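K.L.:
My questions will all concern the structure given below.
What follows is calculated from the coordinates using simple rules that are stated; it is not laboratory data. Note that the structure is predicted; figures quoted are calculated from it, not measured. Cβ atoms come from the backbone with ideal geometry, glycine included; neighbour counts cover every protein chain shown.
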Ligand SMILES: *Cc1c(COP(=O)(O)O)cnc(C)c1O
């Protein structure tokens, strides 16, 4: 059975670099949505707790429940609560939803600083605070999300400026209504672009997993990928010159050589765009198209390292490490090494 290894030393190494940048472990909220970027929700939650991280960010209530015991604070990004909870904060993504939250829910107000995806506008803040008070919600934070922190250009600073106006206005309103607020805007790329991080928290996903990519014009951060995936051999055979491998007979052998079939296919998360072109970190070439449950390589190893840096394989598939990692199915065994 194909399996995933999670390198704990690398994870802790990344946490060291992240916590150094935020100046405190307490300001790091590890983003664990989508099965911890494919790494395994509970596996990463446990290791983050062991390291001393006390905050997590997830998409859903179900994810929050699964990791409840490991953290003091959990922010749910996109699901309405059934009831108020001590630890779990829920996001208000739209001013129209404020009346729908159960009384007493700990909420954080998402604001739109330029991404135009979710959140209330600067001009809506007064109304939003009034509605939050009227509906007896417990407002704990105001935040925003960057669209372009990992890209060159001015959009990142444009959003930062907008968020500083939002913060200013929110501070006035918080005083008026008697709320104590935490402010946060940074994802991985935004944190590492800050000269001097001064917010209350940073929401760190991809840097945790060691796959942050910044444009070459920006200072590079040396993080270490945490996840590797290995596949096991189903069978081997000798190809003669002219023999074809796999669906569509796409690969045609130019010589006598060994080919083996391994138990990792597109149904497991091996993006099919890697068919015909992929080479493993050990320079082993794929042979032909990726099948649903398996793929063939020019190798006779019993166990084959498929990848150990999602950024590299993502390039073969013409995508980003985020998509590649979150495609990995949750049933693949995860081993901590
Ligand atoms: C996914 C997500 C993050 C983490 O982004 P990275 O680029 O992986 O660090 C932070 N904040 C929000 C709102 C997100 O949805």
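K.L.:
Nearest 0.05, what FRET efficiency do residue 194 and residue 331 give at R0 = 30 Å with Cβ-Cβ as r?
P.N.:
0.20
K.L.:
Taking other Cβ within 10 Å of each residue's Cβ, how do 124, 195 sort, fewest first?
P.N.:
By the 10 Å Cβ count, ascending: 195, 124.
K.L.:
OK, next. Percent of Cα-Cα pairs per 5 Å bin, from 0 to the last occupied bin, for segment 8-209, please list those.
P.N.:
1, 8, 17, 20, 20, 17, 11, 5, 1, 0
K.L.:
Relative to 2.2 N^0.38 Å, what does the C-alpha radius of gyration of segment 1-114 come to as a ratio? Two decimals please.
P.N.:
Compactness ratio reported: 1.15.
K.L.:
Tell me the volume per residue, in Å³, of the convex hull enclosing the alpha carbons of segment 110-253.
P.N.:
222 Å³
K.L.:
With a bin width of 5 angstrom, please list the P(r) values of segment 227-308 as percents of all Cα-Cα pairs, from the 0 bin to the one holding the largest distance.
P.N.:
Spelled out per bin, shortest first, that is 3, 17, 30, 29, 15, 5, 1, 0.
K.L.:
Would you kindly compute the Cα radius of gyration of segment 99-174 and its largest Cα-Cα separation (Dmax), both in Å?
P.N.:
Cα-based Rg and Dmax for segment 99-174 come out at 13.4, 43 Å.
K.L.:
With the contact rule set at Cα under 8 Å and sequence spacing of 6 or more, what percent relative contact order holds for segment 1-137?
P.N.:
It comes to 14 percent, rounded to a whole number.
K.L.:
If you don't mind, there's one more thing I want to ask. Using a 10 Å cut-off around each Cβ, can you sort 96, 301 from fewest to most neighbouring Cβ atoms?
P.N.:
Result, fewest neighbours first: 96, 301.
K.L.:
Taking only the alpha carbons of the chain, what extent do you get along each of the three principal axes, in Å, biggest first?
P.N.:
On the principal axes, the chain reaches 80, 42, 35 Å in Cα extent.
K.L.:
Hey, another quick one. Compute for segment 271-337: radius of gyration divided by Kirkwood radius, i.e. Rg/Rh, restricted to C-alpha atoms, rounded to two decimals.
P.N.:
0.94
K.L.:
What order do you get for 319, 280 when you list them from fewest to most C-beta neighbours inside 10 Å?
P.N.:
Ascending Cβ contact count within 10 Å gives the list 319, 280.
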